[in-house]
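Reviewing the structure listed below.
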Amino acid sequence: MLRQGLAAVKSRACLPCRRWLASAASEKHGHLPSSQSPITSKLKFFKSVTEDGGQIPTYRVLDGVGKVIDGAEVPEIDQAFARKIYENMVLLPTLDTLLYNVQRQGKISFYMTAYGEEATIIGSAAALANDDEVLGQYREAGVLLWRGFGLDNIMAQCVGNEEDTSGKGRQMPVHFGSPKHHFLTISSPLATQIPQAAGVAYAISRSPRRGKNCAAVYFGEGAASEGDFHAGMLFASTIPSPTLFIARNNGFAISTPANEQYHGDGIAARGPGYGVWTVRVDGNDVLAVLGAVREARKRCIEEGRGVLVEAMTYRVGHHSTSDDSFAYRSRSEVEDKKRIDNPITRFRLFMESRGWWSSDEEEVLRARLKKDVLEAFKRAEGLPRNELKELFTDVYGGEEPWNIKEQREELAGLLKKYGDSWEPWKNELARFKRKGQDILQKTD
Amino acid sequence: MNTYQSIRDALSHALVRDDTAVIFGEDVAFGGVFRCTMGLAEEFGRERVFNTPLSEQGIVGFGIGIAAMGHTSIAEIQFADYIYPAFDQIVNEAAKFRYRSGGQYHVGGLTIRTPTMSVGHGGLYHSQSPEGFFMGAAGVKVVIPRSPIQAKGLLLASIRDPNPVIFMEPKILYRSAVEQVPIDDFELPIGRADVLIAGSDLTLLTWGTPLYHCETALHMLASPPPQVSRHVPESLRGAKVELIDLRTILPWDVETVVESVNRTGRLVIVHEAGLTAGAGAEIAATVQKKCFLKLDAPVKRITGWDTPVPLQYEKFYIPDAIRILDGIVETLIY
Ligand SMILES: Cc1ncc(C[n+]2csc(CCOP(=O)(O)OP(=O)(O)O)c2C)c(N)n1
Ligand SMILES: [Mg+2]
């Protein structure tokens with residue numbers, strides 16, 4: 001009798017209640033009054049998010065030689081789109097090599113390459129809508145390339161010339177930003193962008209773009225150790241905000257290996273703790289990244305909450321031009337990675353197998369990109385810096401406070417006195433557009 | 001030895017002398033990004049010299065816990081620009097640990113080392129001088145050395161001081177300054193300024209990197225190069241300027257500074273941090289009160305501007321020798 005009654009209730013019950021009833025029937029002790037947590041008489045600890053206690057699996061589409069692995073589905077992609085992905089994947093290291101070298105020659109002050117992470121960066125960029133807001137860490141220039149920011153803008157920022165709209169020459173190289181390309185300006189302090197992304201996403205969800213866009217935030221596995229990472233995940237899950245968290249797990253935070261950043265199963269294991277959909281993907285497989293981020297983005301926007309993607313990749317280059325990574329890892333380790341798991345080769349082999357790419361085209365492409373990059377740099381290098389007065393602008397919006405005005409006038413007075421006699425200033429002034437005259441005139 | 005080597009030397013003494021001492025921070029195990037902990041992990045073991053996850057609040061909170069157990073914790077924050085995630089742990093916790101427990105607990109064993117000040121191409125986030133932000137945090141001390149010898153002696157004193165100390169290392173000096181550093185274990189006094197050049201006409205007060213610009217400015221005052229000589233009246237070239245390295249920013253050596261200004265009647269303060277509420281503001285206010293009747297000129301502050309530190313404009317942001325020279329001349333003829 002009772003059994004039948006229960007069955008009747010079950011069939012009519014809504015999905016969550018049905019789940020509860022099912023467990024209530026099997027769990028004889030009931031559940032906590034304030035939650036769905038079933039009471040158990042077994043003292044059992046756990047430290048894994050997978051049912052069998054094993055590691056979270058990694059989603060992959062292409063094997064090391066560009067063949068689709070058994071059971072994998074190739075995400076929707078046509079030849080033109082595939083070629084665009086490939087060209088951007090090749091452009092990234094071409095650009096990196098030039099800028100790395102010119103930094104070595106002292107022509108720019110600093111640089112960071114994205115060697116080895118081309119699939120993670122370009123694949124995720126390709127999965128986003130071009131008007132999804134992006135909050136990057138610093139190794140994601142590829143997202144801007146994908147969105148058509150252009151080499152001139154890249155070069156302008158890195159040399160800090162008058163065309164640098166990212167930050168008017170105020171920030172170190174690679175600190176790009178462009179509202180037009182929905183890419184918030186990079187900030188060096190790590191992880192600060194992560195909770196900000198939740199706020200960006202919340203604002204999007206209250207704007208006419210509701211349900212159409214997300215905020216995508218990139219960060220390294222090192223940055224994910226900062227308190228800001230946890231705050232960001234928490235906010236994007238508790239306060240519904242369509243935030244797409246993209247962790248670039250490239251094995252290192254400067255010298256610190258990834259396994260010193262966590263005792264658990266990487267960054268992905270943290271997602272379920274915040275109740276967000278989570279996936280781990282082979283970050284050197286551009287099709288896997290494309291497919292995973294597309295699906296993640298879909299869930300993120302549909303449900304209006306955070307989703308976490310952990311892309312497993314490898315930082316082939318040094319951390320930055322200030323770093324020599326052979327002080328903490330062997331050359332052979334890096335050479336092996338480059339040879340065995342090159343994300344660009346993997347995708348090229350796939351393209352060739354489809355008849356979408358040929359070695360002739362490869363040659364033409366590489367030559368063209370090299371030329372484009374070199375020309376863009378040469379052009380940027382020849383341009384002067386912004387006007388000196390920009391030192392004092394943009395501190396505040398609206399009326400300029402008295403202290404800033406007074407200090408600008410103080411510098412103007414000093415320049416009048418010493419600008420053409422004190423060598424260090426004289427040489428430096430020559431590099432600015434209008435050679436500092438703007439600041440003198442503003443005060444006259 | 002240069003400064004990074006002398007700091008490494010001091011750290012090694014600290015580890016030898018005190019079994020409870022541990023050193024930790026981001027990338028510390030391989031030697032740190034400025035090489036100050038090079039070889040220490042190999043020499044003393046990973047239990048005593050280790051990497052932490054990338055979290056400044058974690059690093060300082062962890063260090064506070066170690067120190068609360070009476071151990072010695074030497075934490076590294078990779079750049080002073082990145083100390084702010086730990087601000088709460090420093091200002092609300094380390095600084096107040098002793099007071100709030102009625103003196104029962106304290107974290108005197110905590111020392112936070114961090115590279116500070118500009119190098120000429122660091123931009124917004126690799127150039128800051130945040131010492132002023134900690135001036136209101138009574139309970140912590142702030143120390144800034146000027147050279148390899150000073151770094152070693154002051155660091156060992158900071159580690160052994162019964163209070164938490166923020167030890168800011170001017171990063172341009174890691175490789176540039178070289179001195180014959182005594183190899184034994186020695187300390188230099190915290191809370192004491194150092195009079196580098198005695199003088200009677202003007203007191204020039206600074207700390208860290210700008211000290212070197214001050215020295216250049218004093219040379220230029222005595223024998224101005226031809227291009228700027230017309231701005232330096234003949235009558236001032238023999239002026240005797242007293243140059244003081246403050247060394248400890250909190251609590252600062254009011255006795256030495258006030259005694260000097262009472263003799264010279266003129267004070268010029270130089271620091272790289274912006275003018276508003278920089279450490280110079282506090283010093284100027286106190287000197288104005290304690291030396292009011294002896295002052296012949298307003299206290300002058302030569303500092304960074306009230307803007308972030310802008311990369312391409314840094315030469316016009318940092319108080320360099322010419323600005324210091326100009327400030328000295330202006331103050332002398334006031
Ligand atoms: C708050 C903060 N602490 C420290 C640093 C110095 N720093 C710059 S990059 C970096 C490592 C970051 O590693 P990860 O997040 O894994 O990114 P990856 O460089 O591997 O792309 C560190 C420690 C910083 N920029 N900000
Ligand atoms: Mg990393």
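Coordinate-derived values only; no laboratory data. Since the model is a prediction, treat every value here as computed from it, not as a measurement. Please note: Cβ atoms are built from the backbone with ideal geometry, for glycine as well, and neighbour counts cover all protein chains shown.
Results, tabulated for the structure shown:
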| item | result |
| --- | --- |
| Which of A:76, B:259 has the fewest Cβ neighbours within 10 Å, and the rest in rising order | A:76, B:259 |
| Residue A:278 long-range amide H proximity, modeled H, under 5 Å | A:308 |
| Relative contact order of region B:3-173, defined on C-alpha pairs under 8 angstrom at six or more residues apart (%) | 24 percent |
| Spatial separation of Cα centroids for region A:352-428 and region B:219-281, in angstrom | 35 Å |
| Note, ³J(HN,Hα) from phi for region A:121-136, Karplus 6.51, -1.76, 1.60, rounded to Hz, x at Gly and Pro | 6, 6, x, 6, 4, 5, 7, 8, 7, 5, 10, 5, 6, 10, 10, x |
| Integer Hz, Karplus 6.51/-1.76/1.60 couplings in order for region B:135-150, x for Gly and Pro | 5, x, 9, 3, x, 10, 10, 10, 10, 9, x, 10, 7, x, 5, 4 |
| Sorted by Cβ density within 10 Å, fewest first, the residues B:237, A:434 | B:237, A:434 |
| Averaged over A:320-333, number of beta-carbon atoms from partner chains that fall within 10 Å | 1 |
| Amide H contacts under 5 Å for residue B:203, placed H, 5+ residues apart | B:242, B:266, B:267, B:268 |
| Within straight-line cross-link reach of residue B:96, lysines at Cα separation under 26 Å, skipping those fewer than 8 residues along the same chain | B:141 |
| Relative contact order (percent, whole number), region A:114-196, Cα cutoff 8 Å, 6+ residue spacing | 30 percent |
| Set of aspartates and glutamates with alpha-carbon distance to residue A:435 below 18 Å, sequence-local pairs under 8 removed | A:162, A:163, A:164, A:381, A:387, A:390, A:409, A:410, A:420, A:423, A:444, B:314 |
| Mean residue ellipticity (222 nm) of the protein assembly as shown, computed from DSSP H runs ≥ 4 via -39,500 (n - 2.57), nearest 500 | -11500 deg cm²/dmol |
| Residues whose placed amide H lies under 5 Å from that of residue B:107, excluding near-sequence neighbours | B:98 |
| Ascending count of other beta-carbon atoms within 10 Å, so fewest first, for A:219, A:229 | A:229, A:219 |
| In Hz, Karplus ³J(HN,Hα) per residue of region A:52-59 (6.51, -1.76, 1.60; θ = phi - 60°; x = Gly, Pro) | 8, x, x, 6, 5, x, 10, 6 |
| Entries in A:212/A:298; A:389/B:300; A:47/A:298; A:107/A:426; A:378/A:416 that, when Cα-Cα distance is taken, lie over 21 Å | A:389/B:300; A:47/A:298; A:378/A:416 |
| Most to least packed among B:125-131, A:118-124 [average Cβ atoms within 10 Å] | A:118-124, B:125-131 |
| For chain A, built as a Gaussian network whose Cα springs stay under 10 Å, the top-fluctuating residue of A:273, A:142, A:397 | A:397 |
| Cα gyration tensor shape of region B:194-332, rounded if a/c is under 1.5, else prolate or oblate by comparing a/b with b/c | oblate |
| Average beta-carbon neighbours from other chains, 10 Å sphere, peptide A:243-255 | 2 |
| Space enclosed by the convex hull of the alpha-carbon atoms of the protein assembly as shown, per residue, Å³ | 202 Å³ |
| Cα gyration tensor category, rounded, prolate or oblate, for chain A with a/c compared to 1.5 | prolate |
| Pairwise centroid distance, computed over Cα atoms, of region A:237-259 with region A:100-125, Å | 19 Å |
| Other protein chain Cβ atoms within 10 Å, averaged over every residue that makes up B:53-60 | 6 |
